[in-house]
1. Is it the case, given these coordinates, that Lys185 is closer than 16 Å to Ala35 by Cβ, among the charged types (D, E, K, R) and either outside the structural domain of Lys132 (by TED's automatic domain parsing) or in contact (Cβ under 8 Å) with a residue 40 or more places away in the chain (or both)?
2. Limited to region 121-155, what total is found for residues that are within 29 Å of Arg99 (Cβ to Cβ), of a type in the set (Lys, Arg) and either over 25 Å from the mean Cα position of the chain (by Cα) or surrounded by 19 or more Cβ atoms within 10 Å (Cβ to Cβ) (or both)?
3. Answer with yes or no whether Ala168 is out of contact with any strand residue (DSSP E or B) (no Cβ under 7 Å at 6 or more places or on another chain), in the same structural domain as Met127 (by TED's automatic domain parsing), surrounded by 15 or more Cβ atoms within 10 Å (Cβ to Cβ) and not acidic (Asp, Glu).
4. I'm told Arg197 meets every condition in (1) under 28 Å from Lys98 (Cβ atoms); (2) part of a loop (DSSP other than H, G, I, E, B) except one. Can you identify the failing condition by its number?
5. Mind counting the residues in region 89-114 that are within 26 Å of Pro37 (Cβ to Cβ) and touching an Asp or Glu at 6+ places or on another chain (Cβ under 8 Å)?
6. Please verify whether Thr71 is farther than 18 Å from Asp204 by Cβ, touching a residue at least 24 places away in the same chain (Cβ under 8 Å) and not small (Gly, Ala, Ser), treating the condition exactly as stated.
7. Which condition breaks for Arg26 when tested against (1) modelled with pLDDT of 95 or more; (2) basic (Lys, Arg); (3) in contact with a Leu (Cβ under 8 Å, 6 or more places away or on another chain)?
8. Picking from Asp216, Asp244, which residue would you name as being crowded, with 16+ Cβ neighbours inside 10 Å, over 20 Å from Ile276 (Cα atoms) and over 19 Å from the mean Cα position of the chain (by Cα)?
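The values are calculated or read from the model by the stated rules, or taken from the named source; none is laboratory data. In this text the structure is predicted, and so the values were computed from the model without any measurement. Ideal geometry is used to build each Cβ from the backbone, glycine not excepted, and the neighbour counts take in all protein chains shown.
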Amino acid sequence: MNALRVTVSAIVVVFLAGMARAEEVRTIKIATEGAFPPWNAVNASGEPVGFDVDVGVALCARANLKCEFVTQAWDGIIPALTVGKYDAIMAGMSITEKRKRVISFSEPYALTSNYFVVSKSLGLPAMENGMKLDLTTETDTGKRLLADLKGNLKGRSIGVQGSTNAEAFVREYFGDTVEVRTYDKQDNLNLDLVAGRIDGGLADFSVWKAFLESKDGNSTHLYGPRISGGLFGPGIAIGLRKADEALSEKFNGAIRAIAADGTLKDISLRWFGGDIVTR
């Protein structure tokens, strides 16, 4: 009897130990677009790279999660999450009320700063540098900035990446004064801007930065105020299924940890040459 008890106990211990090891590291799939540099892109070997990927690797290490990154076209990235094709989205995705009706979000791991970029050849009226337009709160200054922008861009063609907050913003605030053209990728928007097929575009500064510093970008410049809040949400975060509360808690704890020790800022400096994560 004692021998039997010892054998059973040993089996139980081995079983529980095996369960503990299985629970220690969970393999999850994280989707990224792979076409939104420097947030995310695909390298010559076909592997996802970029700010989102490096942040994801750091978060999974802190949360003791084994990560596998996959690419997914932007227009289907949320539907594929909801049907279980993968477990999370890290693709420069802003938190918005519309998206929150379908999925949940982690705490933000980066901020957003949206700008119009236009062709220098347009000769648009000058606008004061360094102005900020926060759509979350209505102010007289904000109303004036919007009115000036609408007047200065009236009749122009403005490009945006489709199914993004930039498209929603331009259609809502400028749809009656500009021609809106949508693109599947930011690179294609940039090509049309350089070729003169559109007059300008709207996107996050982090997306514009590399283009503006390139030879092609010399023919364009930032125009108008930094635009944030409102439709653009409080920041960039991880998209998750609403039922995955435990996974959300793990990511939130990891986000706070890599923000506190400077890892998140280091990754930002590596990919953007500046700090887009510190509030």
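1. Judged against the criteria, Lys185 is a match.
2. Here the count works out to 2.
3. Answer is yes for this residue.
4. Evaluating Arg197 over (1) under 28 Å from Lys98 (Cβ atoms); (2) part of a loop (DSSP other than H, G, I, E, B) leaves (1) as the failure.
5. Matching residues across region 89-114 total 6.
6. When the stated conditions are applied, Thr71 passes them.
7. Arg26 satisfies all of (1) modelled with pLDDT of 95 or more; (2) basic (Lys, Arg); (3) in contact with a Leu (Cβ under 8 Å, 6 or more places away or on another chain) except (1).
8. The unique qualifying residue is Asp244.
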